[in-house]
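The values are calculated or read from the model by the stated rules, or taken from the named source; none is laboratory data. If you're wondering where the values come from, they're calculated on a predicted model, not measured in any experiment. As a convention, Cβ positions derive from the backbone with ideal geometry for all residues, glycine included, and neighbour counts pool all protein chains shown. Accessible surface areas use protein heavy atoms only, side chains included; no ligands, DNA or RNA. Shrake-Rupley method; radii C 1.70, N 1.55, O 1.52, S 1.80 Å.
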Amino acid sequence: MAMVAAEGELDLGVPSCLRLVSAFLAMEPAHVLISLARDCGGGSITDRVQRFIWDHCISKADGNFHVPYLKSVLKKIIVEVESHGFEVLDELYERIAFYMTSVKADDSAEENSRIFKCISFLFPDDCYELPSCPKARKLVVTLHCSLNMLEGDTGRRREWPGDEHFLTSLEARLLPGFVATLSLRCSVWPSSLLLSEFILSCPEIFSNKSCFEVGSGVGLVGICLAHVKASKVMLSDGDLSSLENMKLNLGLNQLSTGVDTLERSDDPNLVTCVHLPWESATGCELQDCMPDIILGADVIYDPLCLPHLVKVLAFLLSRGKSLSHLCNRSCNSILSRRVQINSATSSSGSDNLDKAMDDGLNVEYASKKGPLAFIASVIRNVDTFDRFRALADEANLSVEDVTEKFVLFNLLPYLQSYPRSSVRLFTLTHLSN
């Protein structure tokens with residue numbers, strides 16, 4: 001049964017209601033909203049649930065919200081309510097009538113439009129001692145991004161083989177075996193979501209560290225790094241338009257951007273954004289940044305780009321100061337906190353925790369010297385990933401899958417379209433260190 005406030009209305013503070021609003025702001029598919037709305041109403045979309053949706057979602061959608069999405073959501077809600085014999089709230093009827101009669105459909109514009117999404121990281125109640133947990137128990141990141149995954153660019157066109165798992169959302173426009181040319185960078189990808197959850201779940205690793213991201217896209221990972229107070233956040237992308245969009249997103253989240261240079265700054269609130277095509281990157285460009293930690297999300301995708309990516313990673317990982325202090329204190333505190341939290345909330349989390357402790361996570365990382373890279377990736381093509389490993393080996397880089405070694409909080413429980421289990425987390429280190 002859904003919890004209610006004193007006035008008998010649904011309460012935004014109840015987890016099921018908060019997830020519904022968060023899913024709406026993140027523009028989750030309409031069927032996901034229907035499922036979450038049923039949870040709020042004890043199995044059906046009652047009058048109170050409709051009123052909640054109107055008050056906290058539909059009525060608050062400003063002029064930047066994507067109208068075709070609003071129309072789709074309203075249609076689904078109305079059909080769901082009518083099919084169960086409930087009366088539809090007048091405001092919902094009136095709003096969809098307005099959209100149908102006053103807003104002219106433009107399919108071509110819809111195909112290429114950019115929209116605003118809000119990704120809400122929802123911290124469990126047990127996270128009150130976590131440094132990255134805001135007092136409001138949630139961190140909301142506003143992003144200007146592509147509506148569909150065919151729109152956006154990374155500085156070059158990329159061909160992807162038809163892959164049923166990867167192209168699920170493109171089935172209507174792609175035939176099996178068709179080679180799709182995709183421009184990806186202005187979309188929010190699963191690996192960036194997991195890397196963001198990692199940063200927010202383990203802030204001790206990144207706090208007071210100089211961090212550099214390759215292929216930063218919309219800037220979500222950089223915003224999370226700034227939230228956990230990395231000493232320096234440097235973001236890069238190979239496409240100038242993506243870079244400008246990234247700077248817009250940083251501004252939307254109250255972060256300032258610096259000049260386009262990798263020189264380190266003493267301003268802890270400054271995020272540096274640089275144009276860095278991997279194929280033309282030189283040591284002269286990279287030598288001034290020398291980060292403690294390098295990050296990348298879904299950057300292992302195109303065999304033609306991999307030699308250039310590995311070249312950049314090898315240069316950054318082969319130099320820099322020792323990070324032996326990274327886990328002596330940090331990993332011990334992470335593990336002790338997981339003991340307290342996971343033992344009370346999740347048996348599977350405890351199992352993962354036991355594995356992490358058995359593997360001696362703190363000892364392993366304490367023994368490493370030199371910069372460290374965290375790369376999150378969905379392995380869509382095994383041959384491509386094997387090619388990456390081979391190139392890394394030639395460059396004297398060690399690649400290790402550490403997905404099971406870190407116990408992360410599920411901070412995005414409402415994102416049912418986020419295939420969390422398909423993302424792998426890897427560390428890269430230079431063997432000379």
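Quick notes on this one:
- Selection status of D62, open to solvent by 30 Å² or more (accessible area, probe 1.4 Å), assigned to a helix (DSSP H, G or I) and among the charged types (D, E, K, R): no
- Count of residues meeting criterion [polar (S, T, N, Q) and in a loop (DSSP other than H, G, I, E, B)] in region 399-433: 5
- Number of residues in region 275-309 that are β-branched (V, I, T) and open to solvent by 10 Å² or more (accessible area, probe 1.4 Å) equals 2.
- Residue in region 142-156 that is under 16 Å from the mean Cα position of the chain (by Cα), in a loop (DSSP other than H, G, I, E, B) and modelled with pLDDT of 85 or more present: no
- Within region 199-218, residues that are within 10 Å of S236 (Cα to Cα) have Cβ atoms under 7 Å from residues that are in a helix (DSSP H, G or I) and open to solvent by 10 Å² or more (accessible area, probe 1.4 Å) in these pairs: G217/S192, counting only partners at least 6 apart in sequence or on another chain.
- Neighbours by Cβ (under 8 Å, 6+ apart or cross-chain): first from region 408-433, open to solvent by less than 10 Å² (accessible area, probe 1.4 Å); second of a type in the set (A, V, I, L, M, F, W, C) and assigned to a loop (DSSP other than H, G, I, E, B): L411/F123; Y414/A26; L425/V402; L425/F406; F426/V402; T427/V402
- Search result, residues across region 65-91 that are in a helix (DSSP H, G or I), farther than 20 Å from E9 by Cα and open to solvent by 20 Å² or more (accessible area, probe 1.4 Å): V67, P68, Y69, K71, S72, K75, K76, V79, E80, E82, S83
- Scan of region 230-273 for residues that are over 14 Å from G219 (Cβ atoms) and modelled with pLDDT of 90 or more, ordered by number: S231, K232, G238, L240
- Members of region 41-59 that are open to solvent by 30 Å² or more (accessible area, probe 1.4 Å) and hydroxyl-bearing (S, T, Y): T46, S59
- Only residues that are farther than 17 Å from I96 by Cβ and either among the basic types (K, R) or out of contact with any helix residue (DSSP H, G or I) (no Cβ under 7 Å at 6 or more places or on another chain) (or both) were counted across region 32-62, and they come to 8.
- Residues (open to solvent by less than 10 Å² (accessible area, probe 1.4 Å) and at pLDDT 50 or above) located in region 311-335: V312, L313, L316, L317
- Filter pass, S256 being without any contact (Cβ under 8 Å) to a residue 24 or more places away in the chain and over 21 Å from V407 (Cβ atoms): yes
- L33 meets the stated requirement of being closer than 22 Å to L147 by Cβ, of a type in the set (A, V, I, L, M) and within 32 Å of the chain's Cα centre (by Cα).
- Note on region 382-402: among residues that are small (G, A, S) and free of Cβ contacts under 8 Å to residues at least 60 places away in the same chain, the one that is nearest to L431 (Cα to Cα) is S398.
- Of the criteria (1) modelled with pLDDT of 95 or more; (2) closer than 29 Å to L33 by Cβ, which one D393 fails: (2)
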